[in-house]
Amino acid sequence: MFDPNSISEIIDAAKAATKSDADTARLAISFLDLTSLNDDDTVETIEALCERAQSPAGNTAAVCVYAPFIETAWRALGKSGIKTATVVNFPAGGTNAQRVGDETADAVAKGTDEVDLVLPYRAFLDGDVQAAADVIEATRTACGPLTTLKVILESGAFDDLSKVYDAARLAIKHGANFIKTSTGKVPVGATPEAAATMITAIRDAREEDGLACGFKASGGVKTTADAALFLAIADEIMGEGWAAPDTFRFGASGVLTDLLKTCGMAQSDTANTTGTY
């Protein structure tokens, strides 16, 4: 049984253990989904994004772009090992499962490695849990066994941590490989409270149902200190060493500059990050 009162204790313990040092910054870079989801993106800006992803302190985990730029991204990334990700049902989180499944299938055919799906969070909050489940299942089916599925809860739209927890458990049950906080397109992005709640759901799903799932913080992750706190929360709940690129991600672009600064390095901001998350 989820206890919302436990979340403040988890966050307090994580704050006491947070280390905003160069080692943490390098680790965060390896977990980063470097993102550009702008209406004015071009081939040139996405190519620049892919260049940034191959940073002086190591490669990011992925780049996340709109579907028309999937092929541009994977060609630019070449043999770097960096994954290509895209978004579906974004950012509104509609309830048409067939449409979202078709959108996902098209992205997979274009060559995406990862799909970030927006949960029909408004329907979920209105009590239509089945509509939310249907969209996740349709997307999972379209992804197939090889494409990573991240489900965006849009946690900033929830007024109750218990509802965030329930949405997280729903997403995990129906096939999410990651649960993700936010689109970055609403006023409230990732918060420590949402992160602690969602990672608790991941722990409980593992212990109670034998299901494995990762966590992605997105929306408002801007500094090394921000990243360090989320990593400390994961350590507090899941144990030190659980966080790795296949279990933990950050969705952001601007944070790379501060992470590199913490590492004692600099990288020109060659990508247009306006509107990214």
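The values are calculated or read from the model by the stated rules, or taken from the named source; none is laboratory data. As the structure is a prediction and not an experimental result, all values here were calculated from the model. Every residue, glycine as well, gets a Cβ built from its backbone with ideal geometry; the counts of neighbours run over all protein chains shown. Accessible surface is based on the protein model in full, side chains and every heavy atom, while ligands, DNA and RNA are left aside. Shrake-Rupley method; radii C 1.70, N 1.55, O 1.52, S 1.80 Å.
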Among (1) open to solvent by 20 Å² or more (accessible area, probe 1.4 Å); (2) in a loop (DSSP other than H, G, I, E, B), there is one condition Gly189 misses while meeting the rest; what is its number?
(1)
Whether any residue in segment 234-248 is open to solvent by 10 Å² or more (accessible area, probe 1.4 Å), modelled with pLDDT of 95 or more, within 29 Å of Thr42 (Cα to Cα) and in contact with an Asp or Glu (Cβ under 6 Å, 6 or more places away or on another chain) is what I want to check.
no
For segment 94-109, which positions are in a loop (DSSP other than H, G, I, E, B) and within 17 Å of Thr183 (Cα to Cα)?
Gly94, Thr95
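Does segment 123-176 hold any residues that are among the charged types (D, E, K, R) and on the phi > 0 side of the Ramachandran plot, and which are they?
Residues of segment 123-176 that are among the charged types (D, E, K, R), as a first pass: 126, 128, 134, 137, 140, 150, 154, 159-160, 163, 166, 169, 173.
Listed by number, the list holds a single entry, Glu154.
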For Ala195, work out the one condition from (1) open to solvent by 10 Å² or more (accessible area, probe 1.4 Å); (2) closer than 19 Å to Arg249 by Cβ; (3) free of Cβ contacts under 8 Å to residues at least 60 places away in the same chain; (4) of a type outside the set (Phe, Trp, Tyr) it doesn't fulfil.
(1)
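Determine whether Val88 is without any contact (Cβ under 8 Å) to a residue 40 or more places away in the chain, buried (at least 24 other Cβ atoms within 10 Å of the Cβ) and under 15 Å from the mean Cα position of the chain (by Cα). Step through it out loud before you land on a result.
On the way: without any contact (Cβ under 8 Å) to a residue 40 or more places away in the chain: no; buried (at least 24 other Cβ atoms within 10 Å of the Cβ): yes; under 15 Å from the mean Cα position of the chain (by Cα): yes.
For Val88, the condition - without any contact (Cβ under 8 Å) to a residue 40 or more places away in the chain, buried (at least 24 other Cβ atoms within 10 Å of the Cβ) and under 15 Å from the mean Cα position of the chain (by Cα) - is not met.
What about Ala232, is it assigned to a helix (DSSP H, G or I), more than 21 Å from Thr35 (Cα to Cα) and among the small types (Gly, Ala, Ser)?
yes
Looking only at residues that are within 26 Å of Val118 (Cα to Cα) and among the hydrophobic types (A, V, I, L, M, F, W, C) in segment 19-47, which one is farthest from the chain's Cα centre (by Cα)?
Within segment 19-47, the subset within 26 Å of Val118 (Cα to Cα) is 28-43, 45-47.
Subsequent filtering for residues that are among the hydrophobic types (A, V, I, L, M, F, W, C) retains 28-29, 31-32, 34, 37, 43, 46.
Numbers: Ala28: 13, Ile29: 14, Phe31: 10, Leu32: 9, Leu34: 10, Leu37: 14, Val43: 23, Ile46: 19 Å.
The qualifying residue farthest from the chain's Cα centre (by Cα) is Val43.
Looking at Ala217, is it in contact (Cβ under 8 Å) with a residue 24 or more places away in the chain, over 23 Å from Asp39 (Cα atoms) and of a type in the set (Gly, Ala, Ser)? Steps first, answer last, please.
On the way: in contact (Cβ under 8 Å) with a residue 24 or more places away in the chain: yes; over 23 Å from Asp39 (Cα atoms): no; of a type in the set (Gly, Ala, Ser): yes.
Against the criterion (in contact (Cβ under 8 Å) with a residue 24 or more places away in the chain, over 23 Å from Asp39 (Cα atoms) and of a type in the set (Gly, Ala, Ser)), Ala217 does not qualify.
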Pair list, Cβ under 6 Å, 6 or more apart: segment 220-238 residue at positive phi, other residue modelled with pLDDT of 95 or more:
Gly220/Gly189; Gly220/Ala190
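Would you mind stating whether Thr181 is touching a strand residue (DSSP E or B) at 6+ places or on another chain (Cβ under 6 Å) and open to solvent by less than 10 Å² (accessible area, probe 1.4 Å)?
Considered against the rule, which asks whether it is touching a strand residue (DSSP E or B) at 6+ places or on another chain (Cβ under 6 Å) and open to solvent by less than 10 Å² (accessible area, probe 1.4 Å), Thr181 comes out as yes.
Okay, residues lined up against (1) closer than 19 Å to Asp246 by Cα; (2) polar (S, T, N, Q):
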{"site": "Thr147", "(1), (2)": "yes, yes"}
{"site": "Phe158", "(1), (2)": "no, no"}
{"site": "Val164", "(1), (2)": "no, no"}
{"site": "Ala168", "(1), (2)": "yes, no"}
{"site": "Lys173", "(1), (2)": "yes, no"}
{"site": "Ala176", "(1), (2)": "yes, no"}
{"site": "Gly184", "(1), (2)": "no, no"}
Check off (1) farther than 20 Å from Thr95 by Cα; (2) part of a loop (DSSP other than H, G, I, E, B) for Met198 and give me the number that stays unchecked.
(2)
Of Thr257, Thr224, Thr200, the only residue that is β-branched (Val, Ile, Thr), open to solvent by 10 Å² or more (accessible area, probe 1.4 Å) and over 14 Å from the mean Cα position of the chain (by Cα) is Thr257
